[in-house]
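Enquirer: Pasting in a structure now, in structure tokens, and then I'll have a few things to ask.
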Protein chains: 2
Amino acid sequence: MGNQTLPAGAASTRARLLDAAAKLFHEQGIHVGVDAVCREAGVSKRSMYQLFAGKDDLVAASLERSAPGFSAALLPAPDDGRSPRERILHVFERLEHLEPMQDFLGCPFVATAVQAKSPDHPASVIARRHKDGLTDFFRHEAHRGGARDPELLARQLTMVFDGASARSVVQAHELDGLAVTTAGALMDIAGIGSSSPDGDGAPVPRAAQPATSPPR
Amino acid sequence: MGNQTLPAGAASTRARLLDAAAKLFHEQGIHVGVDAVCREAGVSKRSMYQLFAGKDDLVAASLERSAPGFSAALLPAPDDGRSPRERILHVFERLEHLEPMQDFLGCPFVATAVQAKSPDHPASVIARRHKDGLTDFFRHEAHRGGARDPELLARQLTMVFDGASARSVVQAHELDGLAVTTAGALMDIAGIGSSSPDGDGAPVPRAAQPATSPPR
């Protein structure tokens, strides 16, 4: 679904369509029709169908186009010098920060997969790939941090990430540290301390932090 | 949205509409039109609009009608004699069992809130109430089990529940014990052992269980 081979005009049309699609699908849902997307983008349906095989392809391509932006908003910079524990917590701090800013609409990858209703939908394939990328990041840091079972911890952290996102949608309320506290607790159990930058030496588990309980 | 005051015929029509709505909204999404719901139910649109103020009301009422069934499928029977830890794990075991049976469509309450795109949508209100009920169950058991912070643990367990559900949608794959393992780990940290039926005496935390890591 790359646009490397498109002439400049078509590439610009494609970008306008994908921006409009990402906006409408995220705000209203992927059932929004191609008519509305074309109107928002200022592009004819004929032009749209010259660039995309159909609606499903448009949904998938718009999600794929959003992916690098979401990753950049969530993940720490490569080699930022912080410990694996801090780099993992960064993701959960960013999630807690971003959800209210995005009006508690939740993770667009999960939201799209939930709406697509099929694991074979091309957008579900994109969503799965993005989630696998997040799990890969967690696994890499868990391994560096000396986790006893990096694969298990990586899957647990991805699950907490998605659960935190779902919770913010349902409650429409800030997470108040719940995602960060829970990620930290799971790292404690896995044996990732604050002072184990590269898995050398024995990791020092921190005690589970007592958290004050916000009203909900 | 109760139907206590409806005559028998209208109550039956209402039930047929709600069953059809629950089926179509869960399988295809809440954007499915009232025409399709009326067709599936064998009910005229005129009859539908005599019973429901509109589409949003129909979505909320169908979700509310499903709620007791979902609770029964997930929660243990009251006073089943098992420990709080076992009663909490029951919910996660049931979730892992039910997701594949329901074709990995995820929690209908989260799915509906994600699609409703507004916390004020009447269906979002129903979804929030149901999730609060699950959190209440966890809090009650956490308190009985002697958890250090029952409120925190209850919110963590609800988050893991929703994350596990989201994960099964995105991966379309069995959870392979991930939800159960993670709930157990969080209970370990909170100090809920297996042998503390009513919060009397010191809870005995179990060691985090090493879990084999399935391929994804």
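The values are calculated or read from the model by the stated rules, or taken from the named source; none is laboratory data. Everything numeric in this text was worked out from a predicted model, so none of it was measured. Every residue, glycine among them, receives a Cβ derived from its backbone with ideal geometry; neighbour counts consider all protein chains shown. With ligands, DNA and RNA removed, areas are computed over all heavy atoms of the protein, side chains included. Shrake-Rupley method; radii C 1.70, N 1.55, O 1.52, S 1.80 Å.
Enquirer: Considering each residue of the range B:7-33, count those that are assigned to a helix (DSSP H, G or I), within 14 Å of chain A (Cβ to nearest Cβ), surrounded by fewer than 21 Cβ atoms within 10 Å (Cβ to Cβ) and hydrophobic (A, V, I, L, M, F, W, C), and give that number.
Expert: So the count comes out to 1.
Enquirer: Would you confirm whether or not the range B:113-136 contains a residue that is outside any helix (DSSP H, G or I), open to solvent by 20 Å² or more (accessible area, probe 1.4 Å) and more than 10 Å from every other protein chain (Cβ to nearest Cβ)? Write out each step before concluding.
Expert: As a first pass, look at the range B:113-136 and keep what is outside any helix (DSSP H, G or I): B:117-121.
If we keep only those that are open to solvent by 20 Å² or more (accessible area, probe 1.4 Å) too, we end up with B:117-121.
Next, from what is left, pick out any that are more than 10 Å from every other protein chain (Cβ to nearest Cβ): B:121.
Yes, that holds for at least one residue.
Enquirer: Continuing with this model, one more query. State which residue pairs qualify: first residue over 15 Å from B:T112 (Cα atoms) and inside the range B:127-146, second residue among the hydroxyl-bearing types (S, T, Y) and surrounded by 22 or more Cβ atoms within 10 Å (Cβ to Cβ) in any location, beta carbons under 9 Å apart, and separation of 6 or more residues or different chains.
Expert: B:D132/B:T158; B:L134/B:T158; B:T135/B:T158; B:F138/B:T158
Enquirer: Within the range A:142-199, take every residue that is crowded, with 24+ Cβ neighbours inside 10 Å, assigned to a loop (DSSP other than H, G, I, E, B) and among the small types (G, A, S) and give me the one that is farthest from the other protein chains (Cβ to nearest Cβ).
Expert: A:G145
Enquirer: I would also like to ask the following. Within the range A:71-92, is there a residue that is buried (at least 18 other Cβ atoms within 10 Å of the Cβ) and under 22 Å from B:Q115 (Cβ atoms)?
Expert: No, the conditions are met nowhere in the range A:71-92.
Enquirer: Please tell me if B:E99 is open to solvent by less than 30 Å² (accessible area, probe 1.4 Å) and touching a residue at least 12 places away in the same chain (Cβ under 8 Å). Give the steps one after another, and end with the answer.
Expert: Values: open to solvent by less than 30 Å² (accessible area, probe 1.4 Å): yes; touching a residue at least 12 places away in the same chain (Cβ under 8 Å): yes.
So B:E99 fits the description; yes.
Enquirer: From the set of residues in the range A:34-68 that are modelled with pLDDT of 95 or more and of a type in the set (S, T, Y), which is least open to solvent (accessible area, probe 1.4 Å)?
Expert: Step by step, filter the range A:34-68, then rank; the result is A:S62.
Enquirer: Follow-up. State all residues of the range B:31-78 that are under 20 Å from the mean Cα position of the chain (by Cα) and either of a type in the set (K, R) or under 30 Å from B:I189 (Cα atoms) (or both); if no residue qualifies, say none.
Expert: Across the range B:31-78, the qualifying residues are B:R65, B:F70, B:S71, B:A72, B:A73, B:L74, B:L75, B:P76, B:A77, B:P78.
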